[in-house]
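Engineer: Handing you a structure now.
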Amino acid sequence: MSTQPPSIQPRPASVMPPLPAPRTILLAGFGGAVATLVLFSLAQWSGLAFVMAPFGATCVLAFALPDSPLSQPRSIVGGHLIATAVGLAVGDLLGISPWTMALAVGLAIALMLATRTTHAPAGADPLLVMLAMPGWSFLLTPVLTGTLALVAVAFAYHRVTGRRDYPRYWF
């Protein structure tokens, strides 16, 4: 009985994803620009906050990668709400330090995974709120108002550009 070592298969070369069509590239960029302009316009019109920096990254997902689970309304709204709430809670309960900021990011990731609301841009939310400590009203404006507006713009954008299959699911 021979005991030959298992053959080692070479690892396949990484293959980059294909380059999107020029129309897709331009429309995704246009969608992100329109969404951002809508948020700023709503803020100016209403006097409420609708914008926070992580929403720029949310636009990348919602307009460039609409099929991703990270791009679905459940993940956009839920992920930002959960991660922001975690940052506010940890900051209030444990104070602000490198350790508590790290804990908040880790807890936000775990809770987003556990609730199936994973949204990568929301990973920045605990750091944002712990550094600024804006208060619990931040959950309503800009987080809830902004994410709902982004989802509405993404929904309309995908309808206008011919993508009738976004979102893949709502809840």
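Engineer: Would you confirm whether any residue within the range 32-41 is over 14 Å from the mean Cα position of the chain (by Cα) and either at pLDDT below 95 or in a loop (DSSP other than H, G, I, E, B) (or both)?
Structural biologist: For the range 32-41, residues over 14 Å from the mean Cα position of the chain (by Cα) and either at pLDDT below 95 or in a loop (DSSP other than H, G, I, E, B) (or both): absent.
Engineer: Report every pair of residues separated by at least 6 positions or lying on different chains whose Cβ atoms are under 8 Å apart, first residue within the range 157-171 and among the hydrophobic types (A, V, I, L, M, F, W, C), second modelled with pLDDT of 95 or more and surrounded by 11 or more Cβ atoms within 10 Å (Cβ to Cβ).
Structural biologist: Hits for this filter: 170/72; 170/73; 170/74; 171/73; 171/74.
Engineer: On to the next question. Considering each residue of the range 85-126, count those that are open to solvent by less than 40 Å² (accessible area, probe 1.4 Å), farther than 18 Å from residue 73 by Cβ and of a type in the set (Val, Ile, Thr), and give that number.
Structural biologist: Qualifying residue count for the region: 4.
Engineer: Hey, another quick one. Checking residue 67 against (1) closer than 18 Å to residue 32 by Cα; (2) part of a helix (DSSP H, G or I), which test does it fail?
Structural biologist: Here residue 67 clears every test but (2).
Engineer: Still on this model: If residue 168 satisfies every condition in (1) farther than 14 Å from residue 67 by Cβ; (2) open to solvent by 70 Å² or more (accessible area, probe 1.4 Å) but one, which is the exception?
Structural biologist: It fails just one condition, (1).
Engineer: Within the range 147-156, is even one residue closer than 22 Å to residue 59 by Cα, polar (S, T, N, Q) and assigned to a loop (DSSP other than H, G, I, E, B)? I'd like the intermediate steps shown before the answer.
Structural biologist: As a first pass, look at the range 147-156 and keep what is closer than 22 Å to residue 59 by Cα: 147-156.
In the following step, the residues that additionally are polar (S, T, N, Q) were identified as 147.
Then drop every residue that is not assigned to a loop (DSSP other than H, G, I, E, B), which leaves none.
No: the range 147-156 contains no residue that is closer than 22 Å to residue 59 by Cα, polar (S, T, N, Q) and assigned to a loop (DSSP other than H, G, I, E, B).
The values are calculated or read from the model by the stated rules, or taken from the named source; none is laboratory data. Just so you know, these numbers come straight off a predicted model, no measurement behind them. Cβ coordinates were reconstructed from backbone atoms using ideal geometry, including for glycine residues, and neighbour counts include every protein chain displayed. Just so you know, the surface numbers come from the protein's heavy atoms only, side chains and all, with ligands and any DNA or RNA stripped out. Shrake-Rupley method; radii C 1.70, N 1.55, O 1.52, S 1.80 Å.
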